[in-house]
Amino acid sequence: MKNFDKTPSFYNSKEVFDKYLNNTSYYKAIQKCLIKIVNFVNPKKVIELGSATGSSTFKVAEKFKNTKIVGYDFRANIVEEAKKLNKFDNVDFICKDMLDFAKEKTNADMIFLLYAFHHIIDPLQTKIDFLKNLHKNMKIGAYICILETFIPEDIGLNDKEKIVNFWQLRSQEGYASTFWNALKGRDVKVENLTRAKEIAAFCKENEYEAGLLVAERKDEYLVHKSWIKNEAEKIGFKTILIEDINAIGEGVILLQK
Ligand SMILES: C[S@@+](CC[C@H](N)C(=O)[O-])C[C@H]1O[C@@H](n2cnc3c(N)ncnc32)[C@H](O)[C@@H]1O
């Protein structure tokens, strides 16, 4: 299991998360995509696996007031933080490992994972077993939506150099989008520029470090979208949608039982 509390991460505190990742172009784009998909599926009950402090859970709850949404995370402290932040009647949080969740029957109409599927540790068979268990225990017609950073199709899972080079793009994009968000609405004075640069630099550094972990397959076990499609279809899922969200790795795959 990844030691989340020791790894530098946007997700170890809501404060850090709000200041950095929440301001990046890619996090905004992936959440926007999630909302479009929920709108398309029109579910009564949604489960989020790997919900962290509930940023996406709350986004769905706010837009779809008649939808019940339950977030699962296996870190008790994060689940407690999410519960404290919750202001919605239609939201609940539960502390549970998603691999165990998959082994139980669920009546959810839609299950989504946003930046969480890649936390299922290697070997890849663990991801396949997770999908198999979900398929067995989901209702017929229910959906799984995986919103993720994917390895580009033309880069091998173990091609470390290319992965690190590719991640430089994320690092630069993280810097740029966080910088402009930090500056937004403020005069271009030296102190504001300095502050925006400091915030953006943290984002850049965090993405750079993430790229090294991805390349080493250490704590971040990314795959290709096409790999999920192939494995999911072997299990019996239908692929409803498989698309890139941007040019720096974000993508989405929507599967139906
Ligand atoms: C990058 S965060 C996800 C962020 C969140 N979905 C969002 O939209 O902002 C990944 C989360 O997945 C959780 N996680 C990782 N492996 C898990 C597992 N096996 N079961 C449940 N939660 C897990 C981590 O604790 C972490 O909070």
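The values are calculated or read from the model by the stated rules, or taken from the named source; none is laboratory data. A quick note: this is a predicted structure, and the numbers were derived from the prediction, not measured. We place every Cβ from the backbone using ideal geometry, glycine too, and count neighbours over all the protein chains shown.
Here are the criteria: (1) more than 19 Å from residue 17 (Cβ to Cβ); (2) small (Gly, Ala, Ser); (3) in contact (Cβ under 8 Å) with a residue 40 or more places away in the chain. Tell me which single one residue 156 does not satisfy.
Going through (1) more than 19 Å from residue 17 (Cβ to Cβ); (2) small (Gly, Ala, Ser); (3) in contact (Cβ under 8 Å) with a residue 40 or more places away in the chain one by one, residue 156 breaks only (3).
State yes or no: is residue 188 closer than 14 Å to residue 146 by Cα and part of a loop (DSSP other than H, G, I, E, B)?
For residue 188, the condition - closer than 14 Å to residue 146 by Cα and part of a loop (DSSP other than H, G, I, E, B) - is not met.
Sort out which residues of region 80-95 are touching a helix residue (DSSP H, G or I) at 6+ places or on another chain (Cβ under 9 Å) and not acidic (Asp, Glu), and write them in order of number.
The answer is 82, 85, 86, 87, 88, 90, 91, 93, 94, 95.
Exactly one condition in (1) of a type in the set (A, V, I, L, M, F, W, C); (2) within 22 Å of residue 30 (Cα to Cα); (3) not in a strand (DSSP E or B) is not met by residue 46; state its number.
(3)
If I filter region 22-32 for residues that are under 20 Å from residue 148 (Cα atoms), over 16 Å from the mean Cα position of the chain (by Cα) and not in a loop (DSSP other than H, G, I, E, B), do I get at least one hit?
Among the residues of region 22-32, not one is under 20 Å from residue 148 (Cα atoms), over 16 Å from the mean Cα position of the chain (by Cα) and not in a loop (DSSP other than H, G, I, E, B), which makes the answer no.
I need every pair where a residue in region 16-29 that is farther than 16 Å from residue 53 by Cα has its Cβ under 8 Å from the Cβ of a residue that is assigned to a loop (DSSP other than H, G, I, E, B) and more than 12 Å from the ligand (Cβ to nearest atom), sequence separation at least 6 or different chains.
25/246; 26/245; 26/246; 26/248; 26/249; 29/245; 29/246
Is it true that residue 20 is at pLDDT below 95 and touching a Phe, Trp or Tyr at 6+ places or on another chain (Cβ under 8 Å)?
Against the criterion (at pLDDT below 95 and touching a Phe, Trp or Tyr at 6+ places or on another chain (Cβ under 8 Å)), residue 20 qualifies.
Within region 69-82, which residues are surrounded by 16 or more Cβ atoms within 10 Å (Cβ to Cβ) and within 23 Å of residue 102 (Cβ to Cβ)?
Matches in region 69-82: 69, 70, 71, 72, 73, 74, 75, 78, 79, 82.
If you take just the helices (runs of 4 or more DSSP H) that sit entirely in region 50-119, which of them hold at least 1 residues that are more than 9 Å from the ligand (Cβ to nearest atom), closer than 21 Å to residue 143 by Cβ and free of Cβ contacts under 8 Å to residues at least 60 places away in the same chain?
Those helices (runs of 4 or more DSSP H) span 55-63.
Please enumerate the residues belonging to region 120-133 that are within 15 Å of residue 232 (Cα to Cα) and either in contact with a strand residue (DSSP E or B) (Cβ under 6 Å, 6 or more places away or on another chain) or near the ligand (Cβ under 9 Å from one of its atoms) (or both).
Across region 120-133, the qualifying residue is only 130.
Sort out which residues of region 19-42 are within 11 Å of the ligand (Cβ to nearest atom) and farther than 11 Å from residue 114 by Cβ, and write them in order of number.
Listed by number, the residues that qualify are 21, 22.
Of the residues 176, 201, 232, 247, which single one is of a type in the set (A, V, I, L, M) and surrounded by 18 or more Cβ atoms within 10 Å (Cβ to Cβ)?
After ruling out the rest, the residue left standing is 232.
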